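Structure record follows, encoded as structure tokens.
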Amino acid sequence: MARMMMMKALCMMVAFMVVVAPYAEALSCSDVVSKLSPCINYLQNGGSVPTACCNGVKGLNAAAKSTADKKTACGCMKNAYHSMSGIKANIALGLPKKCGVHIPYKISMSTNCNNIK
């Protein structure tokens with residue numbers, strides 16, 4: 001009897017993990033902001049790109065694997081652009097390339113995040 005209860009509990013835990021796991025790894029705006037915060041000074045003033053900034057750009061690129069994550073990252077970047085003054089769009093546009101990262105869309109306020117695949 002105890003063995004049967006343990007087996008049921010184990011099955012329930014496995015089922016719960018299967019259902020929850022895809023959502024546990026979803027990218028959030030706080031993830032995006034955290035990864036890109038070392039870039040703020042560079043995005044406002046230019047100069048040389050800090051290593052911590054490129055590490056964040058590369059980390060964000062690695063974390064945004066699914067279409068949903070890429071759309072989230074895009075929307076969060078656009079929101080951050082609106083909420084922070086002094087970010088230069090032309091510097092932001094070139095940041096991925098300067099960090100050796102290829103992204104399949106342009107970082108711009110005109111980018112339609114819903115079209116990202």
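The values are calculated or read from the model by the stated rules, or taken from the named source; none is laboratory data. All of these numbers come straight from a predicted model, not from anything done at the bench. Note that we place each Cβ from the backbone using ideal geometry, even for glycine, and neighbour counts take in every protein chain shown. Heads up: the accessible areas ignore ligands, DNA and RNA and are worked out on the full protein's heavy atoms, side chains in. Shrake-Rupley method; radii C 1.70, N 1.55, O 1.52, S 1.80 Å.
Collect the residues in region 55-68 that are in a helix (DSSP H, G or I) and either of a type in the set (Val, Ile, Thr) or over 15 Å from ILE107 (Cα atoms) (or both), keeping them in residue-number order.
If we filter region 55-68 for residues that are in a helix (DSSP H, G or I), which is where we start, we get 55-63, 67-68.
Within region 55-68, ASN55, GLY56, VAL57, GLY59, ALA62, ALA63, THR67, ALA68 meet the criteria.
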Residue selected from region 46-82 under the condition touching a Phe, Trp or Tyr at 6+ places or on another chain (Cβ under 9 Å) and at pLDDT 95 or above, by the criterion surrounded by the most Cβ atoms within 10 Å (Cβ to Cβ): CYS53
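Sort out which residues of region 86-106 are in contact (Cβ under 8 Å) with a residue 12 or more places away in the chain and either under 14 Å from CYS29 (Cα atoms) or assigned to a loop (DSSP other than H, G, I, E, B) (or both), and write them in order of number. Steps first, please.
Restricting attention to region 86-106, the residues satisfying the condition of being in contact (Cβ under 8 Å) with a residue 12 or more places away in the chain are 86-89, 91-93, 95-96, 98-101, 103-106.
GLY86, ILE87, LYS88, CYS99, GLY100, VAL101, ILE103, PRO104, TYR105, LYS106 - these are the residues of region 86-106 that are in contact (Cβ under 8 Å) with a residue 12 or more places away in the chain and either under 14 Å from CYS29 (Cα atoms) or assigned to a loop (DSSP other than H, G, I, E, B) (or both).
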Region 90-115, subset at pLDDT below 90 and open to solvent by less than 70 Å² (accessible area, probe 1.4 Å), residue nearest to GLY59 (Cα to Cα): ILE103
